[in-house]
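Read the figures in this text as sums done on the coordinates, not as results from a lab. For clarity, every value in this text was computed on a predicted model and none was experimentally measured. As a convention, Cβ positions derive from the backbone with ideal geometry for all residues, glycine included, and neighbour counts pool all protein chains shown.
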DNA sequence: CCCTTCTATCGTTAATTCACGATAGACGAT
DNA sequence: ATCGTCTATCGTGAATTAACGATAGAAGGG
């Protein structure tokens with residue numbers, strides 16, 4: 001009984017974890033679901049670090065819009081910012097990016113289902 | 001001159017390709033930017049194939065909503081559907097998924113910038 | 001103190017998203 | 001033909017998103 005309950009709890013835990021991982025993936029994906037935000041992440045990956053103003057120069061958007069996009073990426077955990085005088089210095093959060101990449105890589109067919117394709 | 005122009009064209013082509021890849025990534029990400037759509041893709045990956053009705057049973061959403069989510073995933077190219085009598089049989093589009101995974105995996109720091117993190 | 005730089009936030013507007021119920025149309029069975 | 005199953009589409013309403021200009025507040029310099 002107690003062992004069976006333990007088994008149920010473990011199963012419940014896995015289902016919860018799966019649900020959480022799904023929501024996490026959706027959250028990251030949503031944050032990257034806009035071209036400007038993709039470009040921001042790539043820009044940040046390509047250089048040491050950068051300021052909001054650098055991005056404003058780089059993207060064809062108003063400063064306030066860029067700031068909003070930065071906020072979305074930050075809330076999704078994909079980037080982080082360090083205050084530097086009157087400026088903020090942004091960079092990608094490596095662990096969160098790796099987590100996202102892992103979640104995406106985990107989208108794989110189940111056992112025995114590789115390369116199946118329905119007749120379209 | 002002609003050689004220089006060819007060089008410019010190649011560079012232009014690369015910039016265009018980069019822009020296209022960015023938009024492509026954003027498109028895929030946007031399609032997966034909702035928990036129900038993540039769950040749909042996972043469900044399809046876990047089984048041979050499935051019908052809209054199977055998903056309606058699986059998700060806590062109305063049939064019309066499920067159908068709309070399927071449409072979004074289909075328009076993003078991540079899934080495809082084959083008509084089967086009065087039903088439609090859906091499955092994941094393996095090449096599009098692999099493309100998405102490749103684009104995500106390509107989000108990497110530039111040369112000499114590995115594991116950099118700003119002081120947050 | 002004033003001025004400049006820098007960025008986040010606010011408010012606004014228009015467009016898009018997301019959920020639902022109703023329904024049309026395709027298909028198969030009788 | 002009718003009926004049932006199945007799904008896409010339509011219309012609706014509420015919430016969210018994405019763009020912008022204006023502005024407040026932080027920080028630094030003279």
Failed item in (1) in contact with a helix residue (DSSP H, G or I) (Cβ under 9 Å, 6 or more places away or on another chain); (2) within 9 Å of chain A (Cβ to nearest Cβ); (3) farther than 20 Å from residue A:23 by Cα, with residue B:49 passing the rest: (1)
Any hit, the range B:21-35, residues being within 28 Å of residue A:49 (Cα to Cα), in contact with a helix residue (DSSP H, G or I) (Cβ under 8 Å, 6 or more places away or on another chain) and surrounded by fewer than 18 Cβ atoms within 10 Å (Cβ to Cβ): yes
In the range B:89-111, residue nearest to the other protein chains (Cβ to nearest Cβ) [restricted to those that are over 17 Å from residue B:22 (Cβ atoms) and surrounded by fewer than 18 Cβ atoms within 10 Å (Cβ to Cβ)]: B:94
From A:56, A:38, residue being more than 12 Å from DNA strand C (Cβ to nearest atom) and either surrounded by 16 or more Cβ atoms within 10 Å (Cβ to Cβ) or away from chain B (no Cβ under 14 Å) (or both): A:38
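Considering only the range A:1-28, state which residues are in contact (Cβ under 8 Å) with a residue 60 or more places away in the chain and either at positive phi or within 15 Å of DNA strand D (Cβ to nearest atom) (or both).
Applying the first criterion (in contact (Cβ under 8 Å) with a residue 60 or more places away in the chain) to the range A:1-28 yields A:21, A:24-25, A:28.
Listed by number, the list holds a single entry, A:28.
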Selection from the range B:70-86 of residues that are more than 12 Å from chain A (Cβ to nearest Cβ), near DNA strand D (Cβ under 9 Å from one of its atoms) and touching a residue at least 24 places away in the same chain (Cβ under 8 Å): B:70
